[in-house]
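Novice: Got a structure here, written out as structure tokens. Questions coming.
The values are calculated or read from the model by the stated rules, or taken from the named source; none is laboratory data. Model, not experiment: these values are computed from the prediction. Please note: Cβ atoms are built from the backbone with ideal geometry, for glycine as well, and neighbour counts cover all protein chains shown. Surface areas here come from the heavy atoms of the whole protein model, side chains and all, with no ligands, DNA or RNA. Shrake-Rupley method; radii C 1.70, N 1.55, O 1.52, S 1.80 Å.
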Amino acid sequence: MSHIIRGLSCLGLCIALLFPATARAQSTAPENQAAEVAASADDGVFRAPVIVDGSELFLVRGSTALPGNERADMVASRIVAVAVSNTSDNVDITFSSVELGEEILADGEMITIVTHADAELEQLEPAVLTKLQGDAIRQAILAYRTARTKEARLHSIVVVAAWTLAFIGLTSLIFWLRRRLKILINTLVHRHFASVESATNSHVQADAIAALIRFGVNFVLFSILFLGIYYYLSLILLSFAETRYVAQILLTYVTKPVLNILIGFFLYIPNLITLAIIAFITSYIIKGLRVFFDAVEAGTFVIGDFERHWVNPTFNIVRVLLILIAIVFAFPYMPGSDSAAFQGLTLLVGAMLSLGANSVVSNILSGLFVIYRRSTSIGDRIKIGEHTGDVVQIKLMETHLKSIKNELISIPNAQLLNSEVVNYSKKIDGNGLLLHTTVGIGYEETPAKIEAMLIEAARRTKDLKTRPAPFVLWAGLADYAINYQINAYTTRGTSIPRIKSDLHKHIVAVFNENKVQIMTPSYIADTEVPKIAENEWDGELAGGN
């Protein structure tokens, strides 16, 4: 009941705001409400309709001395004056010829003179136009008197009461539906998301979706309520002759746009069907391509050198192309596509994309080159610039690396395409990757012994191949030492840091076992006792508990 009272309070406020405006309009204009100048003719001559009780009777032509709207007001005022002079159900319309044209009289009172200019405006003979205007004046006077009889007033009151009851019923129904739908929406949404809520122990998702649905339902209901209030006021004003003209204006403001929208929608149905067909065919083709590419990925279909990791990017590219082609076909059938505003908006969007998306397009194109040039694949360990890591994802805009320290590194594809990339996982031949490290040993040591020790350290290192055999290169003759470079093959490109660490450990062990001092990086003077770490350790650290 409280919702009904609030609805009636809103209605009373609307009436209070509306009727003062109506009173001001009636105080500044006559009861017949002549319209403004309807159209402009040549040589500054105007024409306007004669309106009585909201009904347009006929057009009159004015001049620069007497504009058409002023002449129409005068004619309408005379008709009203005759109508209120008595309550007879008959009107005596007579005609007489005067110097200016044919004069029309109602109950002996002059109403208007039909001039030759009026006849030219209507493209009729003066006599015919005079007869027609006389009949229109008679009907307007009789209708004016009939609308103000006691029977008409009583009928208007009954109509207003009926519309009021109907409006109260509509308002009550809307608020009842609002309460019931709120409960129903909450029940259905929480029931649908019950499993998700139990798994996540959260009601946020269901509550948010329910609130969004309730907002949409409330918007529809209150839109209906607003239209109900608007049309209720208009129909009440339409029930009384004095406010009928205002009601017609109110109905025109809303009804005409609504009708235009509905008519436009029904006229657009053929184009809508065409768009639906285009969308259906495009969707069906995309689903068929998805099945085909899934078969390629599963190995059912073999397409030459087409690699499996190309399946998803190729499918996405083909799907985008199909959607773009569908948009091209659908563009002429879109609403407003032939309007200048729509075309201007399209040009604006295109200009914005061309000016602001250079880096985006560059990264997208670079991503396609990265995907299809086969230099880098998901799972490869690569080095780009200062970053080394495993490729975990290749997107159109960027490539994600997982570093050896388990860091996620995002590299723009344009940088990946324009930089030198070292790939530790790709196999060039059957030998594998050549791993190497350098040590400096004094000139006094026998080179053959040093080479043998380095090869022994490589042999002890796990994941270094014995075939082809490791070998030593003289990397350089330094000031205090010869730089020996040990080289060995491995197929474990993703384990290089560990393998290299093991190799360094075994080099130190072998050199300590053979009492050979590693001179790297440099030293100042020879010592009596070589600086070699003891091979054995008791397992205790100084200061340990």
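Novice: Just to be sure I understand the filter: pairs with C-beta atoms under 6 Å, separated by 6 or more residues or on different chains, first member in the stretch 232-258 and under 25 Å from VAL84 (Cα atoms) and of a type in the set (Val, Ile, Thr), second member assigned to a helix (DSSP H, G or I) and modelled with pLDDT under 75. Which pairs pass?
Specialist: If the second residue must be assigned to a helix (DSSP H, G or I) and modelled with pLDDT under 75, the pairs left are VAL246/THR22.
Novice: Taking VAL189 and the conditions (1) under 22 Å from PRO49 (Cα atoms); (2) surrounded by 13 or more Cβ atoms within 10 Å (Cβ to Cβ); (3) aliphatic (A, V, I, L, M), which numbered condition does it fall short on, given that it satisfies the others?
Specialist: For VAL189, the exception is condition (1).
Novice: Given the conditions (1) open to solvent by less than 80 Å² (accessible area, probe 1.4 Å); (2) modelled with pLDDT under 75; (3) assigned to a helix (DSSP H, G or I), which single one is not true for SER202?
Specialist: Here SER202 clears every test but (3).
Novice: Quick one: in the stretch 95-121, which of the residues that are surrounded by fewer than 17 Cβ atoms within 10 Å (Cβ to Cβ) and acidic (Asp, Glu) is nearest to ALA143 (Cα to Cα)?
Specialist: Among residues in the stretch 95-121 that are surrounded by fewer than 17 Cβ atoms within 10 Å (Cβ to Cβ) and acidic (Asp, Glu), the one nearest to ALA143 (Cα to Cα) is ASP107.
Novice: Could you check the stretch 388-403 and list, in sequence order, the residues that are closer than 26 Å to ASN487 by Cα and surrounded by 15 or more Cβ atoms within 10 Å (Cβ to Cβ)?
Specialist: THR388, GLY389, ASP390
Novice: In addition: All but one of (1) out of contact with any strand residue (DSSP E or B) (no Cβ under 8 Å at 6 or more places or on another chain); (2) farther than 30 Å from ILE229 by Cβ; (3) open to solvent by less than 70 Å² (accessible area, probe 1.4 Å) hold for VAL159; state the number of the condition that does not hold.
Specialist: Answer for VAL159: the failing condition is (2).
Novice: In addition: Can you pull out the residues in the stretch 165-179 that are open to solvent by less than 50 Å² (accessible area, probe 1.4 Å) and either in contact (Cβ under 8 Å) with a residue 40 or more places away in the chain or not in a helix (DSSP H, G or I) (or both)?
Specialist: PHE167, THR171, SER172, ILE174, PHE175
Novice: Quick check on my filter: what residues within the stretch 423-455 are hydrophobic (A, V, I, L, M, F, W, C) and modelled with pLDDT of 85 or more? Lay out the reasoning, then the answer.
Specialist: Step one: list which residues in the stretch 423-455 are hydrophobic (A, V, I, L, M, F, W, C), which gives 428, 433-435, 439, 441, 448, 450, 452-455.
Matches in the stretch 423-455: LEU434, LEU435, VAL439, ILE441, ALA448, ILE450, ALA452, MET453, LEU454, ILE455.
Novice: Something else about it: With respect to LEU275, determine if the residue is open to solvent by less than 80 Å² (accessible area, probe 1.4 Å), aliphatic (A, V, I, L, M) and assigned to a helix (DSSP H, G or I). Let's see the steps before the verdict.
Specialist: Details: open to solvent by less than 80 Å² (accessible area, probe 1.4 Å): yes; aliphatic (A, V, I, L, M): yes; assigned to a helix (DSSP H, G or I): yes.
Spelling it out, LEU275 is indeed open to solvent by less than 80 Å² (accessible area, probe 1.4 Å), aliphatic (A, V, I, L, M) and assigned to a helix (DSSP H, G or I).
Novice: Please give the number of the condition ALA152 fails out of (1) modelled with pLDDT of 85 or more; (2) surrounded by fewer than 16 Cβ atoms within 10 Å (Cβ to Cβ).
Specialist: Every listed condition holds for ALA152 apart from (1).
Novice: Return the residues of the stretch 475-489 that are hydrophobic (A, V, I, L, M, F, W, C) and touching a residue at least 12 places away in the same chain (Cβ under 8 Å); say none if nothing qualifies.
Specialist: So the first thing to find is which residues in the stretch 475-489 are hydrophobic (A, V, I, L, M, F, W, C), and the list is 475, 477-478, 481-482, 486, 488.
Across the stretch 475-489, the qualifying residues are ALA475, ALA478, ALA481, ILE482, ILE486, ALA488.
Novice: How many residues does the stretch 75-94 contain that are open to solvent by 30 Å² or more (accessible area, probe 1.4 Å) and under 17 Å from PHE58 (Cα atoms)?
Specialist: Residues of the stretch 75-94 open to solvent by 30 Å² or more (accessible area, probe 1.4 Å): 77-78, 81, 84-90, 92, 94.
Among the residues that remain, those that are also under 17 Å from PHE58 (Cα atoms) are: 77-78.
Counting residues in the stretch 75-94 that are open to solvent by 30 Å² or more (accessible area, probe 1.4 Å) and under 17 Å from PHE58 (Cα atoms) gives 2.
Novice: Oh, and also: What number of residues in the stretch 380-390 are more than 14 Å from PRO412 (Cβ to Cβ) and of a type in the set (A, V, I, L, M, F, W, C)?
Specialist: Result for the stretch 380-390: 1.
Novice: Of (1) modelled with pLDDT under 80; (2) surrounded by fewer than 15 Cβ atoms within 10 Å (Cβ to Cβ); (3) of a type outside the set (Asp, Glu), GLN33 satisfies all except one. Which?
Specialist: Among (1) modelled with pLDDT under 80; (2) surrounded by fewer than 15 Cβ atoms within 10 Å (Cβ to Cβ); (3) of a type outside the set (Asp, Glu), GLN33 violates only (2).
Novice: Where residues in the stretch 300-336 are open to solvent by less than 50 Å² (accessible area, probe 1.4 Å) and modelled with pLDDT of 75 or more, which of them is farthest from the chain's Cα centre (by Cα)?
Specialist: Within the stretch 300-336, the match that is farthest from the chain's Cα centre (by Cα) is VAL311.
Novice: Further, regarding this structure: List the pairs whose first member sits in the stretch 375-399 and is at negative phi, whose second member is part of a loop (DSSP other than H, G, I, E, B) and surrounded by fewer than 18 Cβ atoms within 10 Å (Cβ to Cβ), and whose Cβ atoms are under 6 Å apart, counting only residues at least 6 apart or on separate chains?
Specialist: Final answer for the pair search is ASP380/SER425; ARG381/SER425; ILE384/SER419; VAL391/ILE378.
Novice: Does LEU434 satisfy the criteria of being closer than 26 Å to ALA478 by Cβ and either open to solvent by 50 Å² or more (accessible area, probe 1.4 Å) or in contact with a strand residue (DSSP E or B) (Cβ under 6 Å, 6 or more places away or on another chain) (or both)?
Specialist: Answer is yes for this residue.
Novice: Then there is this: Which is out of contact with any Cys (no Cβ under 9 Å at 6 or more places or on another chain), at pLDDT below 85 and of a type in the set (Gly, Ala, Ser), of SER283, SER234, SER223?
Specialist: Matching residue, one of SER283, SER234, SER223: SER234.
Novice: Could you run through the stretch 114-128 and say how many residues are touching a helix residue (DSSP H, G or I) at 6+ places or on another chain (Cβ under 9 Å) and without any contact (Cβ under 8 Å) to a residue 24 or more places away in the chain?
Specialist: 6
Novice: To continue, here is another question. Tell me which residues, restricted to the stretch 280-299, are open to solvent by 60 Å² or more (accessible area, probe 1.4 Å) and out of contact with any Ser or Thr (no Cβ under 9 Å at 6 or more places or on another chain).
Specialist: If we filter the stretch 280-299 for residues that are open to solvent by 60 Å² or more (accessible area, probe 1.4 Å), which is where we start, we get 280-281, 284-285, 287, 290-292, 294, 297-298.
Correct list: PHE280, ILE281, TYR284, ILE285, LYS287, ARG290, VAL291, PHE292, GLU297, ALA298.
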